[in-house]
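One structure is given here, and the rest of the page talks about it.
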Amino acid sequence: MSVGENIPHDSAVSHATGKSVFIDDRPEVHGEVFVGIVTSSVAHGKIKKIDMKEALHHPDVLGIFRGRDFHKNTWGTIVEEQPLLADPIVSYMDEPILLIAVNDRKSLSTVRKLIKIDIEEIPSIFTIDEAVAAQKFIHAANPFVQGNVEENLKRSPHRLKGVFECGGQEHFYLENQASVAYPLENGQLEIHSSSQHPTETQHLVAHALGLRYCDVVSIVKRLGGGFGGKESQAAPFAAYAALVASKLRRPARCVLSKDEDMKITGKRHPFKIHYEIGFDDAGLLIALRVQLYSDGGAYTDLSPSILERAMFHLDGAYYIPNIEIKAAACRTNNHSNTAFRGFGAPQGNMVIESIMEDIAVYLKKDSFSVRRANCYGIKERNVTPYGQWVENNQLPFLFDELYKISAYEKRSQEIKDFNLEYSGKVRGISMTATKFGIAFTARFLNQANALVNVHADGTVQVSTGATEMGQGVNTKLAQIVADTFGISTELVRVMPTSTEKNHNTSPTAASSGADLNGAAVLEAATKIKQRLLSLGTTLSWTDVVKKAYFERISLGEYAHFKTPGLDFDKEIGKGRAFNYFTMGTAVTEVEIDEYTGQSKVLRVDILMDLGRSINPGIDRGQVIGAFAQAMGWVTTEKLVYDKARHLLSHSPTTYKIPSLQDTPPILNVSFIENHTNTVNVHASKAVGEPPFVLGLSVWTAIKRAIGVRFAGKVIPLQSPATGEQILGLFKKMSKET
Ligand code: MTE
Ligand code: QUE
Ligand code: MOS
């Protein structure tokens, strides 16, 4: 047993009692120094002169370092082009330029004032439109094409053309970017960091300092949240600590404040989307032409893969017989945007869900019927724009079942009645869906390795490349091992992630941490179990372990897993990109105050197919957390910059994430029973990112509610749907009608 049970999160008690150790909780060791960062005061320019004489005389300063102090000053997960420290060109506001090593972090603000950096400004590009006009692209993707778009658009009885933008999003993890580096003998280094990708940290530190991979050990105990923001972008901060540690031969700690973190690091990609859709009288899609532009910021980072995932998820839950998706990532003078829960899928999915709402309004139909009619079929109408079949399709069932259990029909009528009686408030309801592709689209990343050690007392230590960021992967791994051995999870410890035990690992990302590492752990544990079974089945666990030890039978195992059957071909844009799909539907009801533009979520109902969940309690937490995070993205989380491109919304007082008061008073989460996902460990399904996409129902419900007062008119809503935007739309559209 134990797989399928609601075992509490392995850090539940230590989190609640404040005993969990995060990077900056590590005790300061003898001789340790703190590393501060000095950043750019312009968005684009050339460094002419740096005057640090006075700062170097400050009694607390042990050294100041520049890009040229690295063995190699460039990094990048996909393209090695980003300077660790800008030298001599700065490409975005608040880009790191210098590192200051001090005895006490309190002296940093004084020391910073003593440094003068003279930068000659270069004209900047800040918006997607400016980048497109200047043809500044990080990456242009090979298009996805199916059928004949031109011809079928022409013959469509109805056509809608549109442009809309969705904004970025700050990760707002509670633990900011943080690393500590300890110098060891013979130039070796031990790095502890808050990173989703310990292997990349190891590799980058080695490259940056001219070390070999075997001379760097990178360790991650846990993260105080990552959400994609510590997938690629944790590594440079580890390199900063490592540089200082190796130059001064002292332990060095680099920990950002919230303000610094928000200004320096990348965010979710803003997108601008141009589309033209053709459909018939029933609202059935005939043809869609789309051009996606993302704002990649100053450097490549993960932008090409994120753009690709947006393309993969543009179809959402719907069959589109004729489609052409073109996409490009723009290069701008903004912070380099990066992975964020959903990895482009929410932005892509928003296109089709927005279109669904518009078609319904245009045809004066309820949007559920339009969505249901277009939903991928079981036996036909089930091929995606990239040629993969939608296997094991639960979508029609998820739509119909949620329609029933959320009392959609009855509530729609009540909402209609409510809206007829003028109260200064309007309500809207909308159901959206997700069909989230599980697998890294970069095929080589779909691998993992695991080490399982059974100790002589029968307790077990498990090590994998998975990092625990709150999502509960450690708990799931412990359950898989305990289940294999038929023991309690209390006998199993999941150890800190370390590159010395698990090497060449993939980031804990793409929602596949538990899938990939779980499969590897299962294989390793099963090998040990088979050896123990040969000693007889009547012994207790502790006795059989003891016996094995005295019989000199190995009680440790290592296993490697790779996902079979992935064959997507980037060149032609066709193939099996994903191992399977995690699916779900959500209905959201909102109320908008027409006088203030403020929106309130009144009720949410979510229905998901998570296969045979390894831990339904943890999965439930993931679903609610992801939904709430998405709700923030589409409503209040607006990134605001001034003309020079200073981020003005750089703290919790100016950047509004959902709080307890924003929690929907009614929030129902249920899972369907589905034991058929045999392609994944214990027939489970990945959960981390898919429910984020369901938060789009908040946005489409708002779109619907605004439309109540402007019957038949398509509402040009952008994201986030802030109160300000909603009020502006009411005013603008009232004038037009
Ligand atoms: N849940 C918590 N509590 N904290 C996080 O940082 N990250 C999300 C998701 N859930 C995150 C989270 C993201 S972006 C991903 S890709 C997955 O967890 C990664 O973990 P998994 O693959 O083990 O699900
Ligand atoms: C989903 C993801 C990632 C992805 C593709 C996905 C991801 C990631 C990469 C990636 C791509 C190319 C590289 C690399 C990483 O691709 O997180 O090192 O060279 O890092 O579909 O989440
Ligand atoms: Mo998650 S955005 O794949 O780290």
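Greater than 25 Å separation of Cα atoms is the criterion. Which listed pairs, Lys379/Lys435; Lys72/Lys230; Lys272/Lys562; Lys161/Lys267; Lys272/Lys404, meet it?
Details: Lys379/Lys435 17 Å; Lys72/Lys230 21 Å; Lys272/Lys562 36 Å; Lys161/Lys267 29 Å; Lys272/Lys404 35 Å.
Table pairs above 25 Å Cα-Cα are Lys272/Lys562; Lys161/Lys267; Lys272/Lys404.
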- Note on the structure: For Leu535, placing the label point 7 angstrom along Cα-to-beta-carbon and taking the range 457-480, residues whose amide nitrogen sits under 17 Å are 457-461
- Relative contact order (%) - the chain, alpha-carbon pairs under 8 angstrom, separation at least six: 15 percent
- Message: Tell me the volume per residue, in Å³, of the convex hull enclosing the alpha carbons of the chain.
- Response: 162 Å³
- Item | Intensity falloff of the range 107-160 expressed as log10 I(q)/I(0), Debye formula with alpha-carbon point scatterers, at q = 0.14, 0.28, 0.29, 0.32 Å⁻¹ | -0.76, -1.08, -1.11, -1.18
- Query: Per residue and in Å³, how big is the convex hull formed by the alpha-carbon atoms of the range 172-257?
  - Reply: 74 Å³
- Note on the structure: Most exposed to least, judged by fewest other Cβ atoms within 10 Å, Leu491, Leu174, Leu667 sort to Leu174, Leu667, Leu491
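Checking the a/c ratio against 1.5 first, then a/b against b/c, what shape does the Cα gyration tensor give for the range 24-122? Kindly include the intermediate steps, with their values, before the conclusion.
Numbers: a/c = 2.18, a/b = 1.34, b/c = 1.62.
Oblate.
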- According to the square roots a ≥ b ≥ c of the eigenvalues of the Cα gyration tensor, what is the shape class of the range 473-595, taking rounded for a/c under 1.5, prolate for a/b larger than b/c otherwise, and oblate for the remainder? prolate
- Message: At 7 Å along Cα-to-Cβ for each site, give me the label-to-label distance between His158 and Ser670 in nm.
- Response: 3.2 nm
- Given H placed 1.01 Å from N in the peptide plane, which residues other than close sequence neighbours of Lys574 have an amide H under 5 Å from its amide H? Asp569
- Message: Per residue of the range 189-195, what does 6.51 cos²θ - 1.76 cosθ + 1.60 with θ = phi - 60° give for ³J(HN,Hα)? Whole Hz please, x for Gly and Pro, Karplus curve as stated.
- Response: 10, 10, 10, 10, 9, 8, 9
- Item | Extension gain (nm, one decimal) between Glu401 and Asp129, 0.36 nm per residue minus Cα-Cα | 93.7 nm
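When the expected Rg is taken as 2.2 N^0.38 Å, what fraction or multiple of it is the alpha-carbon Rg of the range 554-662?
Working it through for the range 554-662, the quotient is 1.62.
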- What is the percent of Cα-Cα separations in the range 627-707 that go past 17 Å? 64 percent
- Item | Rounded to the nearest 20 debye, dipole of the range 513-612 from Cβ charges on Lys, Arg, Asp, Glu | 900 debye
- Sequence-distant residues sharing a close amide H with His503 (under 5 Å, placed H): none
- Note on the structure: With Rh as the Kirkwood radius over Cα pairs, the range 94-221 has Rg/Rh of 1.15
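Counting only trypsin sites (Lys or Arg not before Pro) that are in a DSSP loop and have at most 13 other C-beta atoms within 10 Å, tell me the longest site-free stretch of the chain.
380-551
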- Message: Would the range 349-411 count as rounded, prolate or oblate if I go by the C-alpha gyration tensor, calling it rounded below 1.5 in a/c and otherwise prolate when a/b exceeds b/c, oblate otherwise?
- Response: oblate
- Query: Taking amide H positions as placed 1.01 Å from N in the peptide plane, with prolines and chain starts having none, which residues 5 or more places from His158, or on another chain, fall under 5 Å of its amide H?
  - Reply: Phe279
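Bear in mind these aren't lab numbers, they're just calculated from the coordinates by the rules spelled out. Everything quoted here is computed from the prediction, not taken from an experiment. Cβ coordinates were reconstructed from backbone atoms using ideal geometry, including for glycine residues, and neighbour counts include every protein chain displayed.
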